[in-house]
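First up is the structure itself, then whatever we jot down about it.
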Amino acid sequence: MTDAAAPVLPEKPWYVYLVRAANGSLYCGISDNPERRFAAHQKGQGARYFSTSPAVALVYVEQWPDKSQALRHERLIKRLRKSAKEALVASFAGVSV
């Protein structure tokens, strides 16, 4: 009898996303389903960030192989100046998710 290890399933991909608020600001977050998370933001569920200025558009999404890498990239994006974040948004325009 052999000790067969259970197959290792690949981790579910995670996404870093940017949402444009009504006041023009950008919110950065991570999720395993950015469209569902954006819908939650629009309903006022989740981040308190949108309590003063509602979420109006999901403007950037980037896929990562796991949550750890998505968190790392989220931290990098949050440190960027607004102009660099806007450049990410511009590079994403027209790309379907």
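All of the numbers you see were taken from the coordinates with simple rules; none came from a lab. Values in this document were obtained by computation on a predicted structure and should not be read as measured data. Note that each Cβ is placed from the backbone with ideal geometry, even for glycine, and that neighbours are counted across all protein chains shown.
Here are a few things to note about the model shown:
- Considering the stretch 5-97, the qualifying strands (runs of 3 or more DSSP E), each wholly inside and each with 3 or more residues that are surrounded by fewer than 17 Cβ atoms within 10 Å (Cβ to Cβ), run over 55-64.
- Pairs linking a residue in the stretch 63-88 that is free of Cβ contacts under 8 Å to residues at least 12 places away in the same chain to a residue that is of a type in the set (A, V, I, L, M, F, W, C), with Cβ atoms under 8 Å and 6 or more positions apart or on different chains, are Leu80/Leu88.
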